[in-house]
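Data first, discussion second: the structure below is written as structure tokens.
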Amino acid sequence: MYTPKKMAAGITGVASVLWLGLTAAVAASQRRLVFNPTIEREVQSPRSSGHRTRQVVLRSRDGTRLCGWLMTPQTQGPHPAVLYFGGRSEEVSWVVRDAGKLFPNMTVLAMNYRGYGDSHGDPAEIHMIEDGCALFDWLSKRGQVDARRIAVVGRSLGSGVAVQIAKERPVHSVALITPYDSILAIAKRKFRAMPIEYLLRHRFESIKYAPSLKAPTYVLRAAQDDVVPHSHTDQLVAKLANLVADEVVPGSDHMNIPYLEATQALIASFLTRQFSQPITPAALPPVQVEENNC
């Protein structure tokens, strides 16, 4: 016969089993929770109205194929350049279509992460950072690129990649669209009852690197954002060493913000202003990256 004490113990036992099971499920599926690779192209035959467009595949250091697009201005260079990093579910062919408005008179490299678009492999934070550094080095060696003027632009998840690349490489300027303090902090907010700090491998802790960023940094927020609450952006902004501006795009949300004309005009204006300013030469580290046709 069950007594109240035995019933309480039984309920506690069941709750513990459920909690452990849920914790194990989160640990096992964290790659899917952090990354949501989109394979299908958003734009089937992307072309930039303001650039020569070339589809490329670059080999990472471990041989993984990374596919994307290189866009070069119609006029002779050298030109400033932009390296773009997309969001959690983002396939980057749309960047090619909108590059004329977003990045006028700039060389642009937009590559899909591992597992996204036509790129091979599986996404992981460590690979995104390693690949991002290699892409920066490859872009800096292009004959028509001004290697002293390479910016990184990151959206949502990609803001965490952009911040770490800016820490590792002599980036000229940084633009962050709906950035966060860390994926770890967002996950802890979502899974309050779990020891998420012991489970999460892909942490993207931008707040740790923000104080060491020397490059001028521009932050754009969505007016309504239920994915990255403004409080998480506030934490990052408070730590950025060289914040130029922190603005909200009217009428925007987390999903539509990069496509809006207002957003694209603000990004183009920020980069154009930064690239027009005098700079001092920076040493660029050598790297070997193999290029092939996609």
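The values are calculated or read from the model by the stated rules, or taken from the named source; none is laboratory data. None of the values given here were measured: they were computed from a predicted structure. When we count neighbours, we look across all protein chains shown, and the Cβ atoms used for this are built from the backbone with ideal geometry, even at glycine. With ligands, DNA and RNA removed, areas are computed over all heavy atoms of the protein, side chains included. Shrake-Rupley method; radii C 1.70, N 1.55, O 1.52, S 1.80 Å.
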Among the numbered criteria (1) farther than 28 Å from ASN112 by Cβ; (2) buried (at least 22 other Cβ atoms within 10 Å of the Cβ); (3) among the charged types (D, E, K, R), which one does ASP246 miss? (2)
Among the candidates LEU284, LEU271, residue that is of a type in the set (A, V, I, L, M, F, W, C), modelled with pLDDT of 95 or more and outside any strand (DSSP E or B): LEU271
Would you check which residues across the stretch 42-83 are open to solvent by 30 Å² or more (accessible area, probe 1.4 Å) and under 18 Å from the mean Cα position of the chain (by Cα) and list them? GLU42
What residue, of MET71, MET128, is within 19 Å of LEU157 (Cα to Cα), free of Cβ contacts under 8 Å to residues at least 60 places away in the same chain and either of a type in the set (Asp, Glu) or not in a loop (DSSP other than H, G, I, E, B) (or both)? MET128
Does any residue of the stretch 179-193 turn out to be modelled with pLDDT of 95 or more, of a type outside the set (Phe, Trp, Tyr) and open to solvent by 20 Å² or more (accessible area, probe 1.4 Å)? no
Check the stretch 105-118 and report whether any residue there is in contact (Cβ under 8 Å) with a residue 60 or more places away in the chain, within 20 Å of TYR218 (Cβ to Cβ) and acidic (Asp, Glu). no
Got a sec? Which of TYR2, TYR116 is modelled with pLDDT of 95 or more and in a loop (DSSP other than H, G, I, E, B)? TYR116
Within the stretch 209-227, the count of residues that are assigned to a helix (DSSP H, G or I), surrounded by fewer than 21 Cβ atoms within 10 Å (Cβ to Cβ) and of a type in the set (A, V, I, L, M, F, W, C) comes to 0
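Okay, residues lined up against (1) open to solvent by less than 10 Å² (accessible area, probe 1.4 Å); (2) touching a helix residue (DSSP H, G or I) at 6+ places or on another chain (Cβ under 8 Å); (3) closer than 19 Å to ALA162 by Cα:
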site	(1), (2), (3)
SER93	yes, no, yes
VAL96	yes, no, yes
GLY100	no, no, no
VAL108	yes, yes, yes
GLY121	no, yes, no
ILE126	no, no, yes
GLU130	no, no, yes
ARG142	no, no, no
ALA147	no, yes, yes
If you go through the stretch 149-170 one residue at a time, how many are open to solvent by 20 Å² or more (accessible area, probe 1.4 Å), out of contact with any Phe, Trp or Tyr (no Cβ under 6 Å at 6 or more places or on another chain) and not in a helix (DSSP H, G or I)? 1
Kindly provide the set of residues from the stretch 228-256 that are part of a loop (DSSP other than H, G, I, E, B) and over 20 Å from GLN274 (Cα atoms), ordered by number. VAL228, PRO229, ALA238, LYS239, HIS254, MET255, ASN256
Between a residue in the stretch 250-277 that is touching a residue at least 12 places away in the same chain (Cβ under 8 Å) and open to solvent by less than 20 Å² (accessible area, probe 1.4 Å) and any residue that is part of a helix (DSSP H, G or I) and basic (Lys, Arg), which pairs come within a Cβ distance under 8 Å, given they are 6 or more apart or on different chains? GLN264/LYS101; ALA268/LYS101
